[in-house]
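A.B. asks: Before anything else, here's the structure in question.
The values are calculated or read from the model by the stated rules, or taken from the named source; none is laboratory data. This is a predicted model, so every value here is computed, not measured. Using ideal geometry, Cβ is built from the backbone for each residue, glycine included, and neighbour counts are taken over all protein chains shown.
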C-alpha cells in the first residue's frame, strides 16, 4: 500500500510539472532571433537601389523590399516597398497600424481587364499563444488594422499582391500576371513566422550583378 501511495505521489508531481511547462509564458515572436534585418545600398551609373535584406545566423541572405532612386529622387513606380506606422491605443496590449504597399501597380485602374488581389497576414500574440489574421482587398493597397501583443509592439507579417492584366501579344489574347511577396517587420531582429510558411527563403535568395556597380577609377 505504501508503494501505491508513493507512485500516486510521483504521478501528481509529474502532472503539475507538465502543467507548468504548458502554461509557461514567453515572447514567442522573439524566441530565437533567427534573422537580422539590414539595408544594402547599390550604386549604379545614374541611379541607386536600397535593398532590405534578411541575414540568418549562418549568413544566408534573402532580399525583401527595395527602393530605387533616380538622381536622388525616389522612383516609386520601379520600387517595391511598404510604409508601416504603429501607434499605441488606450486598450491594454493593443496597437493600431497602417500599412501601404507601393509598386508600379499601386495606381492601376481596375476593371474587368485589370484585377488585383491584395492580402496582409500578421501575427497577434496573447500571453500564451499566437494567432494569424488575414486581411483581403481587391481594390485597396492600404490596410488599417489593430493587433495584440502582450509583450511589446513587435509586428510580424507578410504582404501578398496578385495583379492580372488582359493583354494582346501577336494578335493573341494573353494574361499578364505579376505577384509580390514581402515580409513585414518592425524590429531589427526577427523570427518572422511567414518565412517558412510562404517558402520565401528559396524564392527570395539575394544575389546581384556585380557588373551593375559604378566603376570608380583610382589615380
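A.B. asks: Only residues that are more than 13 Å from residue 161 (Cα to Cα), at pLDDT 95 or above and not in a strand (DSSP E or B): list them for segment 79-116, please.
C.D. replies: Result: 79, 89, 90, 91, 92, 93.
A.B. asks: Tell me which residues, restricted to segment 127-138, are in a loop (DSSP other than H, G, I, E, B) and at pLDDT below 95. Steps first, please.
C.D. replies: Step one: of segment 127-138, the residues in a loop (DSSP other than H, G, I, E, B) are 127-129, 138.
Result: 127, 128, 129.
A.B. asks: Also: Please pick out the residue among 136, 113 that is under 19 Å from residue 194 (Cα atoms) and without any contact (Cβ under 8 Å) to a residue 60 or more places away in the chain. Even if it seems obvious, please write down each step before you answer.
C.D. replies: Numbers: 113 fails: under 19 Å from residue 194 (Cα atoms).
When all the criteria are applied, what remains is 136.
A.B. asks: Scan segment 123-131 and give yes if some residue there is touching a residue at least 40 places away in the same chain (Cβ under 8 Å), under 28 Å from residue 66 (Cα atoms) and surrounded by fewer than 15 Cβ atoms within 10 Å (Cβ to Cβ), otherwise no.
C.D. replies: Within segment 123-131, not a single residue is touching a residue at least 40 places away in the same chain (Cβ under 8 Å), under 28 Å from residue 66 (Cα atoms) and surrounded by fewer than 15 Cβ atoms within 10 Å (Cβ to Cβ).
A.B. asks: Let me ask something additional. Which one is farthest from the chain's Cα centre (by Cα), of the residues in segment 169-189 that are assigned to a strand (DSSP E or B) and within 18 Å of residue 133 (Cβ to Cβ)? Don't jump to the end; show me each part of the working.
C.D. replies: Taking segment 169-189 first, the residues assigned to a strand (DSSP E or B) are 169, 172-185, 189.
Narrowing further to those that are within 18 Å of residue 133 (Cβ to Cβ): 181-185.
Details: 181: 8, 182: 5, 183: 2, 184: 3, 185: 6 Å.
Across segment 169-189, the extreme among qualifying residues is 181.
A.B. asks: Which of the residues spanning segment 56-65 are in a strand (DSSP E or B) and either in contact (Cβ under 8 Å) with a residue 60 or more places away in the chain or buried (at least 16 other Cβ atoms within 10 Å of the Cβ) (or both)? Steps first, please.
C.D. replies: From segment 56-65, those in a strand (DSSP E or B) are 56, 61-65; that's our starting set.
Correct list: 61, 62, 63, 64, 65.
A.B. asks: Next question. Test residue 144 against the stated conditions and say whether it is closer than 23 Å to residue 88 by Cα and in a strand (DSSP E or B). Spell out the reasoning first.
C.D. replies: Numbers: closer than 23 Å to residue 88 by Cα: yes; in a strand (DSSP E or B): yes.
So residue 144 passes the test.
A.B. asks: If you scan segment 147-168, which residues turn out to be part of a loop (DSSP other than H, G, I, E, B), closer than 18 Å to residue 82 by Cβ and in contact with a strand residue (DSSP E or B) (Cβ under 7 Å, 6 or more places away or on another chain)?
C.D. replies: So the first thing to find is which residues in segment 147-168 are part of a loop (DSSP other than H, G, I, E, B), and the list is 150-155.
Subset that is closer than 18 Å to residue 82 by Cβ: 153-155.
Once the filter is applied, which keeps residues that are part of a loop (DSSP other than H, G, I, E, B), closer than 18 Å to residue 82 by Cβ and in contact with a strand residue (DSSP E or B) (Cβ under 7 Å, 6 or more places away or on another chain), segment 147-168 yields 153, 155.
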